[in-house]
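**Student:** Before anything else, here's the structure in question.
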Amino acid sequence: MAPKNKNPNGENVVPEVQQKKTQALILKSSDGEEFSISKSAAGLSVAIKNMMEDDCAGGVIPLPLVDGGTLARVITYLNKHAEDGASDEDKRKFDEEFLSGMEVDVLCDVALAGNYLDIRGLFHDVCQRIVNGMKNKSVEWVRKTFRIESDFTAEEEEQIKKEYAWAWEGVDSDAD
Amino acid sequence: MKRPLVDGGSDTVAAGYTHPGNNDANKKIKPEGKEDDLEEMSKEAEAVLLDENLLYEVLRHVDDGRTLAKAACVSRQWKLTAHDERLWELICTKHYHRSPIQLRAVVLALGGFRRLYSSHLWPLLKPTSSTSSAPAAVSTWPCLPLAPAPPPGAPRSKARWGKDEVNLSLSLLSIKYFEKMSSNRSK
């Protein structure tokens, strides 16, 4: 956990940000947006926790790899999971709804952020979600969804499809 | 979160793996505070899951060989990543609480988990209603009277399988291996 009685840096905090708890810090996204978050919620990210412990932050932690939109989502997640009264069941329900509304590129951004910030539960859930989406889908679907150009030559493509011919047996062909 | 080398495995055994495209396998997905971060971020907007380590982590969550096989057909990068033996091992050994180390050593010596799955385990597992299943099963092991064939009329639902199927496949794999070895020697 975060060291509880490190210098209370209330003065340094941007004034317009609402501070619910005394122990708060600011996360700054790659595009300069600032978010206030309680230390207990931020501490669920191992990476942020380490930064807090190193006290490199002085109240503001820059996260140059996470854009504002993604960071807002991550903070929503952290806040829920740090909520005192939330039962595991609540959290599970929240996670389900939280992820079900996301498009695949948002999911991937959140996965990257979850990995970078080392939030294990979030990262795991997002990966699982991405994989579940791929089940019973065609290769074409995967390419389209993830916007990947096949760089196989025609021979390579034929070769690999032949190698995995078994994977297509009995697959429902999916339009999309 | 770095990519863990192998779940519960020892490093010495893990070293026996072939890691396609593994040169930078242990780098963090994104190094902190680099100049080119912004550039990387903008690339993500065009294509997602380009990062090899992220892709690997995502594919670690695949629990059926079919999805992994299709992932291998997406692009060269996906193929490299999806051919990682560790991913196939995860699928083959998902019924074990802990993948036995001997199993890994034996399977790797005999051709690997991907081969184990695609040529021996899959024929045991695939949906029964497919009419094309019979010839494939025969070609897998012609001498066996299709003993492991699921009962006809079984529901088409996902085949359930466990350690027995893995063990049976492993036997088939080793028989194949030694068969091949002896035929090579006799030439």
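**Student:** Being touching a Lys or Arg at 6+ places or on another chain (Cβ under 8 Å) and of a type in the set (Val, Ile, Thr), is that true of even one residue in the stretch A:112-134?
**Tutor:** Scanning the stretch A:112-134 turns up no residue that is touching a Lys or Arg at 6+ places or on another chain (Cβ under 8 Å) and of a type in the set (Val, Ile, Thr).
**Student:** Now for a different question. Looking only at the stretch A:7-38, which residues are at pLDDT 90 or above and either open to solvent by 30 Å² or more (accessible area, probe 1.4 Å) or in a strand (DSSP E or B) (or both)?
**Tutor:** Answer for the stretch A:7-38, where residues must be at pLDDT 90 or above and either open to solvent by 30 Å² or more (accessible area, probe 1.4 Å) or in a strand (DSSP E or B) (or both): A:26, A:27, A:28, A:30, A:31, A:32, A:33, A:34, A:35, A:36, A:37, A:38.
**Student:** Let me ask something else about it. Can you tell me how many residues within the stretch A:109-141 are of a type outside the set (Phe, Trp, Tyr) and within 23 Å of residue A:42 (Cβ to Cβ)?
**Tutor:** 17
**Student:** Among the residues of the stretch A:67-104, which ones are open to solvent by 50 Å² or more (accessible area, probe 1.4 Å), more than 22 Å from residue A:40 (Cα to Cα) and modelled with pLDDT under 90?
**Tutor:** Result: A:101, A:103.
**Student:** Next question. Specify which of the listed residues (B:59, B:108, B:49) is facing chain A (nearest Cβ under 7 Å) and modelled with pLDDT of 50 or more.
**Tutor:** Only one candidate qualifies: B:49.
**Student:** Taking the stretch B:80-112 as the region of interest, how many residues are in a helix (DSSP H, G or I), open to solvent by less than 70 Å² (accessible area, probe 1.4 Å), within 22 Å of residue A:142 (Cβ to Cβ) and not polar (S, T, N, Q)?
**Tutor:** 7
**Student:** While we're here: Inspect the stretch B:68-78 for any residue being surrounded by 23 or more Cβ atoms within 10 Å (Cβ to Cβ), in contact (Cβ under 8 Å) with a residue 24 or more places away in the chain and within 15 Å of residue A:134 (Cα to Cα) and give the result as yes or no.
**Tutor:** Within the stretch B:68-78, one or more residues are surrounded by 23 or more Cβ atoms within 10 Å (Cβ to Cβ), in contact (Cβ under 8 Å) with a residue 24 or more places away in the chain and within 15 Å of residue A:134 (Cα to Cα).
**Student:** Out of all the residues in the stretch A:129-151, is one or more among the β-branched types (Val, Ile, Thr), farther than 30 Å from residue B:119 by Cβ and surrounded by 18 or more Cβ atoms within 10 Å (Cβ to Cβ)?
**Tutor:** No: the stretch A:129-151 contains no residue that is among the β-branched types (Val, Ile, Thr), farther than 30 Å from residue B:119 by Cβ and surrounded by 18 or more Cβ atoms within 10 Å (Cβ to Cβ).
**Student:** Do we have residue A:140 as more than 9 Å from chain B (Cβ to nearest Cβ), more than 15 Å from residue B:71 (Cβ to Cβ) and either modelled with pLDDT of 90 or more or under 31 Å from the mean Cα position of the chain (by Cα) (or both) here?
**Tutor:** no
**Student:** Taking residue A:153 and the conditions (1) within 9 Å of another protein chain (Cβ to nearest Cβ); (2) among the hydroxyl-bearing types (Ser, Thr, Tyr); (3) without any contact (Cβ under 8 Å) to a residue 24 or more places away in the chain, which numbered condition does it fall short on, given that it satisfies the others?
**Tutor:** Every condition holds for residue A:153 apart from (1).
**Student:** Out of all the residues in the stretch A:115-128, which are open to solvent by less than 40 Å² (accessible area, probe 1.4 Å), within 8 Å of chain B (Cβ to nearest Cβ) and of a type outside the set (Ser, Thr, Tyr)?
**Tutor:** Of everything in the stretch A:115-128, those that are open to solvent by less than 40 Å² (accessible area, probe 1.4 Å), within 8 Å of chain B (Cβ to nearest Cβ) and of a type outside the set (Ser, Thr, Tyr) turn out to be A:115, A:118, A:123, A:127.
**Student:** Give just the number: which of (1) crowded, with 19+ Cβ neighbours inside 10 Å; (2) within 14 Å of chain B (Cβ to nearest Cβ) does residue A:52 not satisfy?
**Tutor:** Here residue A:52 meets the rest and fails (2).
The values are calculated or read from the model by the stated rules, or taken from the named source; none is laboratory data. It should be emphasised that the depicted structure is a prediction, and the values quoted were computed from it without experimental measurement. No Cβ is skipped: glycine too gets one built from the backbone with ideal geometry, and neighbour counts run over all protein chains shown. What goes into the accessible areas is simple: the full protein's heavy atoms, side chains included, and nothing from ligands, DNA or RNA. Shrake-Rupley method; radii C 1.70, N 1.55, O 1.52, S 1.80 Å.
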